[in-house]
1. Summing both sides, how much accessible area is buried between A and B? Use a 1.4 Å probe and give Å² to the nearest 100.
2. Measuring from label point to label point, each 7 Å out along Cα→Cβ, what is the B:LEU253 to A:PHE135 span in nm?
3. For a 29 Å ceiling on Cα separation, which of these pairs sit above it: B:LYS46/B:LYS293; B:LYS12/B:LYS252; B:LYS237/B:LYS431?
4. For B:LYS221, give me every one of the aspartates and glutamates with a C-alpha distance below 18 angstrom, ignoring sequence neighbours fewer than eight places off in its own chain.
5. Label-point separation (nm) for A:LYS74 and A:LEU195, each offset 7 Å from Cα along Cα-to-Cβ?
6. What are the residues whose amide H is under 5 Å from the amide H of B:GLU223, where those residues sit 5 or more places off or on another chain and H is modelled from the backbone?
7. Whole number please: convex hull volume per residue, Cα atoms of the protein assembly as shown, in Å³.
8. Accessible area, 1.4 Å probe, largest first: how do A:VAL66, A:VAL162 sort?
Amino acid sequence: MEKLPLLSPAPHLHSSETTGQVMWTVVLALLPAAAGSIFFFGLRALKIMAVTVVTCLVTEAASQAVFHRPVRVKDGSAVVTGLLLSFVLPPRLPLWMAALGGFSAIFLVKELFGGLGYNIFNPALAARAILLASFPVEMTRFYPPFQTGVDAVSGATPLTAVKEHLAGPLPSLKEMFLGVRAGCLGETSVLLLLLGAALLLARRIITWHIPLAYLATVAVLSAIFRQNVAFQLLAGGLILGAFFMATDYVTSPLTSRGKLIFGIGCGIITVLIRMQGGYPEGVCYAILFMNMLVPMIDRLTYPVRYGAVLPEKKSSGQA
Amino acid sequence: MISGGVHPLSFKRLSRNFPIQEFLQPERVVLPLSQHTGAAATPVVKKGDEVVQGQLIGQANGFVSSCLHASISGRVSSVDYCYLPSGRRSLAITIENDGSNRRIETISRDWRSLASEQLVEGVRQAGIVGMGGAAFPTHVKLSLPPGRRAELVILNGCECEPFLTCDERVLREETAGVVEGLQIICRAVGTGKATVALEGDKDGLDEIVRPYLKKLEPELKVELKILPERYPQGSEKQLIEAVTGRQVPSGKLPIDVGCLVFNVQTALAIKQAVTEGWPLVQRVLTLGGLVEKPSNLRVAIGTPVEAILNFCQVKLDGRKRLVMGGPMMGQALPETSLPVLKGTSGLLVLGPREGFSEEAPCIRCGRCLQACPMRLAPAEIGRQARLGNWEGCRQLYVNDCIECGCCAYVCPSRLPLVAWFKWAKAELREKKTA
Ligand code: SF4
Ligand code: SF4
């Protein structure tokens with residue numbers, strides 16, 4: 001008789017995909033936009049990205065040690081958070097503020113709530129909200145691209161320009177698509193963001209439900225408010241938010257139906273803030289608000305389980 | 001089409017072309033008296049008794065129980081407790097082979113002359129249970145509850161677990177016997193409608209089967225359905241959904257939607273029981289995985305796994321896992337002395353792999369919800385199970401879980417979801433009886 005080691009429960013086969021792979025694929029998908037950001041805003045952008053990513057990694061490792069959780073920095077989720085956070089910061093934010101953001105994202109928003117999988121809010125967006133409340137001036141000072149040096153002149157983002165009826169020409173739609181406009185680090189180039197999004201969709205890391213519902217809702221409502229629909233879709237952080245923020249697994253609904261509801265909700269709130277709110281942009285708060293509703297959306301959209309339908313009813317339906 | 005499910009690599013071409021080989025005379029067999037669903041059988045032989053192949057050695061204990069027969073001729077060397085692959089313990093009868101190959105007298109009778117009750121009784125006496133894995137006593141299935149009518153009998157040839165090809169081989173090599181078994185089943189439950197369900201590309205198997213089915217008309221209308229490959233389509237509830245579009249209501253039986261599902265080898269065993277009086281003492285299983293020569297083997301029930309490994313010259317190097325059943329639902333064996341049971345469809349040697357991770361976080365990716373063929377929310381049940389909140393698991397319908405393993409198969413965090421759900425169910429059962 002031979003003793004066999006390695007008892008393990010069924011199933012004994014496993015799809016090859018791991019959480020680490022998922023996260024690193026998201027990182028990969030963010031790289032084109034990251035490169036674009038360095039192109040548009042110079043080395044300064046690289047510095048901010050480096051600072052947020054490193055603070056996120058360090059904070060994660062430290063808090064996992066403090067909370068006696070297994071240290072799983074390698075799974076890449078902190079890198080995703082760090083990159084996403086840098087993408088929603090203005091290009092000339094003092095570096096220590098960026099670091100504070102990274103710390104808030106990981107420690108306050110994620111680890112305090114129980115770590116990966118238990119946080120309610122999207123860490124990058126919640127950290128941005130914290131920074132915006134703490135440093136309203138620095139967080140809203142934007143610069144047009146290709147300005148290096150200390151004498152750079154700040155310039156409004158297109159959405160601010162529209163909201164506050166500022167004089168001066170708006171960037172053309174083509175410029176906005178390519179990313180030649182003022183804005184946060186990673187939000188400006190729609191083209192490069194879509195490149196990454198295509199990768200996520202193709203690899204089935206995300207599904208189309210949230211982005212499509214989100215963008216379609218914004219398009220329809222913008223039309224109702226008599227806005228330039230294309231402009232509204234390309235402006236602000238909408239593309240970044242719809243494909244990379246709202247689709248965050250942990251803070252979005254589990255089911256496809258839930259995802260549609262979530263996307264529509266994000267769209268409505270975004271447009272309402274843009275049109276009626278005090279801020280020019282509403283993507284960040286819209287997603288954070290919908291994050292809070294996720295447990296409820298989940299409960300309302302669980303699939304109808306097999307066998308829950310009575311056979312009498314069922315058979316009449318399919319006869 | 002079933003909802004959810006997964007599509008793992010099937011690996012079937014490794015063994016599907018190997019004709020069934022026989023290994024029927026092991027030195028010893030170990031026959032647990034509880035290898036079926038229901039009450040354990042009662043031993044009717046004692047240590048030292050001489051038995052011949054096919055002789056009754058365990059009497060069914062009540063209605064939901066099953067008879068047990070000697071699978072070789074020889075001397076009873078012990079009646080003692082042994083472990084089952086599931087980890088439970090059962091009384092078992094061990095027989096040492098005397099090499100004489102004596103067997104009980106078989107008979108020859110025409111099932112057409114028998115009434116339904118006689119057919120069912122023949123099945124009961126032969127100790128037949130579902131051979132697809134569940135090992136539910138077949139005579140119980142054939143005895144319709146009052147007020148229920150069987151509309152459709154489904155012959156389950158899906159064999160959706162990767163690696164396994166034994167049912168496919170049996171259907172290919174013993175088509176006539178299997179089809180006759182199907183006829184007997186239909187007669188026993190009084191229906192004129194049946195479906196033979198195959199899955200995916202079975203290398204022209206449908207062309208072999210079809211002429212046999214044609215011959216049965218008009219007495220019996222049998223449809224041959226080829227379903228797209230999908231795991232766990234061969235699971236009873238999923239197969240009924242795939243074939244008829246009906247769903248078995250939660251907590252009910254297939255017969256409540258007028259369906260009965262039988263495995264290919266069960267049908268063959270029924271034919272042999274009814275027409276020859278031959279009990280269930282052998283079965284075909286697939287030996288596969290990381291072995292040089294995968295094969296389909298006809299073995300005596302009770303053959304210790306190590307005897308089969310020796311026969312096929314399979315070496316385990318201490319790191320490999322040995323799995324009884326399919327890779328999705330089978331059990332990893334703690335040792336090689338365990339016997340083949342009536343419900344054992346495969347013996348797989350699999351490589352070592354990173355285990356599950358109890359502590360990994362659920363990243364709420366939703367893949368498990370997409371994959372669950374019962375359309376449950378495994379991520380949420382798992383969250384409750386982790387907290388030890390069994391009642392919460394029940395409210396999320398953990399009792400409807402068929403333990404197919406699709407959720408754990410797709411989970412990128414490698415959470416041992418199915419193991420948790422089995423645990424939750426056991427806790428809930430205990431609470432109910434307490
Ligand atoms: S929850 Fe149960 S039925 Fe659903 S996929 Fe997991 S094991 Fe299968
Ligand atoms: S597949 Fe795993 S990680 Fe994804 S939601 Fe289900 S349990 Fe969570």
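1. 5100 Å²
2. Simple spin-label model gives 7.1 nm for this pair.
3. Beyond 29 Å: B:LYS46/B:LYS293; B:LYS12/B:LYS252.
4. Partners found: B:GLU151, B:GLU180, B:ASP206, B:GLU207.
5. The modelled label-to-label distance comes out at 3.0 nm.
6. Residues meeting the criterion, in which the H sits 1.01 Å from N, are B:ALA194, B:THR195, B:VAL196.
7. Convex hull of Cα atoms, per residue: 179 Å³.
8. Listed by decreasing accessible area, they come as A:VAL66, A:VAL162.
The values are calculated or read from the model by the stated rules, or taken from the named source; none is laboratory data. Computed from a prediction, not measured in an experiment: that's the story for all the values here. Glycine also receives a Cβ, built like all others from the backbone with ideal geometry; neighbour counts cover every protein chain displayed. For the accessible areas, the whole protein counts, side chains as well, though only heavy atoms, and no ligand, DNA or RNA atoms are used. Shrake-Rupley method; radii C 1.70, N 1.55, O 1.52, S 1.80 Å.
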